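Accompanying notes for the structure given below.
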Amino acid sequence: MSTLALTGIGELSTQDPELGVLHDAALVVEAGRVAWVGPSRQAPAADAAYDLGGRAVVPGFVDSHSHLMFAGDRAEEFAARMTGTPYSAGGIRTTVAATRAASDEQLAANLARLVDEMRRQGTTTVEVKSGYGLTVADEARALAIARQVTDETTFLGAHVVPPEHADDPAAYVDLVTGPMLEACAPHARWVDVFCERGAFDEDQARTILQAGAAKGLRGRLHANQLGPGPGVRLACELGLMAVDHCTYLSDEDVSALVETGTTATLLPGVEFSTRSPYPDARRLLDAGVHVAIASDCNPGSCYTSSMPLCIALAVREMGMSPAEALAAATTGGARALDRSDVGHLGVGARADLAVLDAPSYLHLAYRPGVPLVAQTWVAGRRT
Ligand code: NIG
Ligand code: FE
């Protein structure tokens, strides 16, 4: 098996608790994994070498929450929001209509475009949800297409109640937990529910997550985004890996997160794009909650694919230090997906990295909006 040494790393943020941040470092890749990492002068001989010219390197970002299976956009809705119309869950139905009308090829092409956009901004692991099909066939095809690009696929049939079931939401929950789950489970690793006023309530969410678990899907939850609610405590009660949004939290919610170790995934692009108050990341970190940052890339509440932007927002608007924000965007996301092979660059990790045209990872927050990611490597290959 041949080895490749990545040399000339000015600053290497490993996100490995033992190694921390190294200066003038090298990293040796073998079979797509990190085989050695440390100071340049101690680097072992390798079959080939690639010089990174003194740039900073961070682990590839782990974006643990996105909705990339859709067609169309909602730029007009965004424009209306910026002149005062509040965000509501109902906008999802606009995208449902466009997604149902799209061909498989159009959905696959839009997904590929967005994944490529993410790659160019340093994301190397991405979770992708369904949720804009909301029929058995449309949800199943969304997940089958998503599976072609990532193992982290999430069945979100419970995004909103579609218009044809508006009179009978209970019948829609039966569809989601019955035939839709049956058709989607083979293509999904996770099941998710939008637990919020205007979407699904606590009992419905519990029913759907339990039905998913019975089919081997692990749960995650959209909760406490638009107002206080029971979702975060439900996620903790069910022992989920992650609960996402967490914008409105009571002290009891925070205590439950601490107790169960459920990761709170914060999505600052949503608050930015809906002009809403940001979640209090400082409160969570100070209490000892595991925090992740993800993009939530979707055509409604947040149409950014940029993890560097989310890091900058987390630092500027949510009271996180640059080091905390980078950790949340790498190891935090990995924890939210229960993955130990990504999000860090310790020995044995998948060799996923973002090479920055900057001397330090600090520039991710210090230089918002600047395309700093010069190269992205996945499993030891430059993409
Ligand atoms: O995570 N909250 C629910 N789903 C998305 C928004 C979807 C949409 O507006 O289309 C979210 O913000
Ligand atoms: Fe979401």
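The values are calculated or read from the model by the stated rules, or taken from the named source; none is laboratory data. Note that the coordinates shown come from a computational prediction; the quantities given were computed from them, not determined experimentally. Just the protein is used for accessible areas: all its heavy atoms, side chains included, with ligands, DNA and RNA removed. Shrake-Rupley method; radii C 1.70, N 1.55, O 1.52, S 1.80 Å.
Convex hull of alpha carbon positions in region 160-272: directionally averaged projected area 7.3 nm².
Probing with 1.4 Å while keeping every protein chain in the model, the per residue accessible area of region 211-273 equals 33 Å².
For the chain, modelled as a GNM whose springs connect Cα atoms under 10 angstrom apart, the maximal fluctuation among Val258, Val191, Val291 occurs at Val258. When the chain is modelled as a GNM with alpha-carbon springs shorter than 10 Å, which of Gly239, Gly53, Gly131 fluctuates the most? Highest fluctuation among the options: Gly53. Computed from the Kirkwood radius of its Cα pairs, the Stokes-Einstein diffusion coefficient for region 26-91 at 4 °C and 1.567 mPa s stands at 76 µm²/s.
With the largest listed first and rounded to whole Å, the semi-axes of the equivalent ellipsoid of the chain from the Cα gyration tensor are 35, 22, 20. Cα convex hull, region 276-352: 103 Å³ per residue, rounded to a whole number. Dividing the radius of gyration of the alpha carbons in region 313-383 by their Kirkwood radius gives 0.98 for Rg/Rh. Its relative contact order, with pairs defined as Cα atoms under 8 Å and 6+ residues apart, puts region 235-295 at 37 percent. Percent of C-alpha pairs per 5 Å bin in region 178-219, short distances first: 6, 26, 31, 21, 12, 4. Once the 1.4 Å probe is applied to the protein heavy atoms, region 3-162 comes out at 38 Å² accessible per residue.
A quarter of the convex hull surface defined by the alpha-carbon atoms of region 92-241 gives 8.8 nm² as the mean projection. Where both bridge residues fall in the chain, DSSP classifies roughly 45% of the beta bridges as antiparallel. Converting phi to 3J(HN,Hα) with the Karplus coefficients 6.51, -1.76 and 1.60 and the offset θ = phi - 60°, region 61-68 yields 5, 10, 8, 8, 7, 8, 10, 8 Hz in sequence order, with x at every glycine or proline.
Averaging over all projection directions, the Cα-based convex hull of region 1-120 occupies 11.8 nm² in the image plane.
Over all distinct Cα-Cα pairs of region 250-310, the Kirkwood formula returns a hydrodynamic radius of 12.3 Å.
Less than 5 angstrom separates the built amide H of Gln375 from those of Val355, all sequence-distant by 5 or more or on a different chain. In the chain, what percent of the accessible surface is made up of carbon and sulfur (1.4 Å probe, ligands and nucleic acids excluded)? Looking at the chain in its full context, I get 52 percent from C and S.
A cut-off of 5 Å between modelled amide H atoms, ignoring neighbours fewer than 5 places along the same chain, links Val37 with Val28. I need the shape label for region 58-124. Rule: rounded when a/c is under 1.5, else prolate if a/b > b/c, else oblate, with a, b, c from the alpha carbon gyration tensor. The shape class here is oblate.
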